[in-house]
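To start, the structure under review is shown below, and the notes come after it.
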Amino acid sequence: MAFNINAAVILSGPKNLKAITSKIKSAIGNTNVNININIPKSVGKQISNLSNQLNVLNQNQVLGKETALTFKRFAAAGLVTATFFRLTQAISEAVPKALEFQREMVKIQQVTGGTTASVNQLNVAATNLAKGLGLDANEIIGIGRIFAQTGQTLDQVESSMRAVARASLAPSFGDMQSTAEGLIASLNQFNIAASQSEAVLGSINAVSKKFAVESQDIISAIRRVFAIAATDAEKPQDALNQLIAIFTSVRSTTRESAETIATGLRTIFSRIQRPQTIEFLKELGINLTDAQGNFVGLFSSFRVLSKELDSIISRGDTLALSKVVEELGGI
């Protein structure tokens, strides 16, 4: 009970102090009495410690707020600095690329002799392709310059450039420059219009998806087997497709390299048109000329050879087969 009273006095202080004092004075009259209220020393010490702890806590909170504010200011300054450096780096990289792009445009205009308006149209086309396909505009316009140097007009350059840029997204094609070189070989060797560039690369891509051959291998073969369709009466696109079919058949069967197959086909294509080879095959019952005595064409001759050689193999005439192989392909 005493503890509770002391605690109440210590914690909350005396209540109605004035009323109590008045009653005491009226009871004792003029007698002066010293009233001492004893507060334990331990309580005062506890109050002092509590006050000190509150002061420390308050100081820590202030320090924490200042530290957090400092970090925020530092982070903001760092963000601004990093952004500035990135912007500076981007500008330093963009300026040389822009100058390079402009130089390529000047070269194209000089080669083609096109007007400023038509060259600007090609500029817009290259920029849109770069943005739409996520490619390097400088690389695209560099491909355009290659096509311009082959004698294409600005409209043809735009068609070829667009075809190569889109083909570069297919996984079976290599870099844009090698694809462009292959397309140029296809267009020139088979007399295909530049407007058919996408159809040419589309055929190559379709074959590579269906058979065990890469688009880059087909392009490599086309570049090496040159001027093989000059005597063919087939449509240019059909002639190219037949070359692709022959190469793909050999590649899928033998798994020889594109260079080896292309070299072999070039040898065969060259020999099969020689008069002495035509006469040699005629003696074996293989006729590669039409009613007028003209060579039937490379791909037509392959169809004839396929049929006649099957006949030779079926009757087991290995000697005749060896002679044909040696005549066409060499020892």
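The values are calculated or read from the model by the stated rules, or taken from the named source; none is laboratory data. A quick note: this is a predicted structure, and the numbers were derived from the prediction, not measured. Counting neighbours? That spans all protein chains shown, and the Cβs are built from the backbone with ideal geometry, glycine included. In case anyone asks, the SASA skips ligands and DNA or RNA and just uses the protein heavy atoms, side chains included. Shrake-Rupley method; radii C 1.70, N 1.55, O 1.52, S 1.80 Å.
Just grab the label-to-label distance for residue 191 and residue 271, each label 7 Å out from Cα along the Cβ direction, in nm (one decimal).
2.8 nm
Let me know the shape class of segment 122-269, please: from the alpha-carbon gyration tensor, a ≥ b ≥ c as square roots of the eigenvalues, rounded when a/c is under 1.5, otherwise prolate if a/b is greater than b/c, or oblate. Mind dumping the intermediate values first?
Working: a/c = 2.25, a/b = 1.55, b/c = 1.45.
It comes out prolate by the Cα gyration axes.
If you roll a 1.4 Å probe over the heavy atoms of the protein chains, what accessible area per residue do you get for segment 191-331, in Å²? Walk me through the numbers before you get to the answer.
On the way: 7510 Å² over 141 residues.
Per-residue accessible area for segment 191-331 comes out at 53 Å².
Viscosity 0.692 mPa s, temperature 37 °C: give me the Stokes-Einstein translational D for segment 108-158 in µm²/s, with Rh taken as the Kirkwood radius over C-alpha pairs.
Details: Rh = 10.8 Å.
For these conditions, the coefficient is 305 µm²/s.
Decide, for segment 220-331, between rounded, prolate and oblate: order the square roots of the alpha carbon gyration tensor eigenvalues as a ≥ b ≥ c, take rounded if a/c falls under 1.5, and otherwise choose prolate if a/b is larger than b/c, else oblate.
Working: a/c = 1.75, a/b = 1.20, b/c = 1.46.
The shape class here is oblate.
At residue 303 and residue 257, where each label point lies 7 Å from the Cα along Cα→Cβ, what is the point-to-point distance in nanometres?
My value for the distance between the label points is 3.4 nm.
Indicate the gyration tensor shape class of segment 254-300 (rounded, prolate or oblate), computed on the Cα atoms with a ≥ b ≥ c the square roots of the eigenvalues: a/c under 1.5 is rounded; otherwise a/b larger than b/c is prolate and the rest oblate.
Numbers: a/c = 2.77, a/b = 2.36, b/c = 1.17.
Prolate is the answer for segment 254-300, as a/c is 1.5 or above and a/b outweighs b/c.
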